[in-house]
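This report concerns only the one structure given below.
Bear in mind these aren't lab numbers, they're just calculated from the coordinates by the rules spelled out. Remember, predicted model here, so these are calculated numbers, not experimental data. Positions of Cβ are backbone-derived with ideal geometry, glycine not excepted, and every protein chain shown enters the neighbour counts.
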Amino acid sequence: MMSGSNWMKTGLVLATTVIRFAFADPSHAQVQTQRTTTAGNPTKEVNVEHGQVVLVEGNDLVIKMEDGSIRHIPNVSGSVKIDVDGKQVGIHELKPGMHLHHTITTVTTPQVVTTVQNVTGKVWHVSPPTSVILHLEDGTNQSFKIPKGQKFNINGQMVDAFGLKKGMIVTATKIVEEPEAVISQHKKITGTMPAPPPAPPADVPILVVTAEASAPTAAVKAPTSTLPGKLPKTGSELLLVGLLGLLCLSVALGVKLLRVKLGV
């Protein structure tokens, strides 16, 4: 998006002064001013800037311009509306990816301001053939340039600047033309939503991936062992009797050893 500086009217560019003199009656000593303005053909210039919304945070807007530069626009007023695809949206409705277009239309109208001033005064000083100084009614002196070849009617006689004498009463018509340029500017911001992704060509097959249903898992049945109700009879009671006899013999031997040790 351009900077936000306002265009101002241009100042005076050129001034062309034309002075005409004629003999005047002293009773008409006064200053009369008339101003007219003539406008020319206006010219129009249209400048368009393109950018894409990168970030919207509060009332701050960050845009990536067409040339790749980043432009930060702080404190965007909530009253500012942008035409996005025919819908008026505010700063808080802008989304990253939107395209913005800033159109600036500048109209320049040339014009000429013409000021006609009739001044009656008394010749104070003459510098023939280029200038004359008149003493005006308000007590001031003003210098006027004399156009080349200018003639003056003095008591029925046409004289040039060399015929002017101090004390003569003359009327000076001062015409000033001042060309100006009046510049007006109109700004408009529009936007568009980002374009959808392109559709695939018609002759390209489209594959749709679906999730396969998992095969049912067979329950693993733990092998069961069949235990017999009774243990098999693998030995006789003779072994048990022998073990008991051995145990008794060991006890008797232990008692005897204990007595010997104790000296009983």
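Between the range 110-128 and the range 36-54, the alpha-carbon centres lie 38 Å apart. From the alpha carbon centroid of the range 238-262 to that of the range 145-173 is 173 Å. Amide H contacts of Asp160: Phe152, each under 5 Å away and 5 or more positions distant or on a separate chain (H built 1.01 Å from N in the peptide plane; Pro and chain starts excluded). A simple spin-label model places the labels of Lys44 and Val255 13.8 nm from each other, with each point 7 Å out along Cα-to-Cβ.
The length gained by stretching the chain between Met65 and Thr37 to full extension, at 0.36 nm per residue less their Cα-Cα distance, is 5.9 nm. Estimate the FRET efficiency between Asp85 and Gln185 by the formula 1/(1 + (r/R0)^6), using the beta-carbon distance for r and 25 Å for R0, to the nearest 0.05. In this case the efficiency is close to 0.45. Under the simplified labelling scheme, the His92-Asp138 pair shows an inter-label distance of 5.9 nm, with each label point 7 Å from Cα along Cα→Cβ.
Phi-derived couplings, Karplus 6.51 cos²θ - 1.76 cosθ + 1.60 at θ = phi - 60°, listed residue by residue for the range 61-74: 10, 10, 10, 9, 6, 4, 8, x, 6, 9, 10, 9, 10, x Hz, with x used for Gly and Pro. Between Met98 and Val53, the built amide H atoms are under 5 Å apart, and every one of these is 5 or more places off in sequence or on another chain.
Apply 1/(1 + (r/R0)^6) to the Cβ-Cβ distance of Ser127 and Asn155, taking R0 = 30 Å, and write down the FRET efficiency to the nearest 0.05. That gives a FRET efficiency of 0.85.
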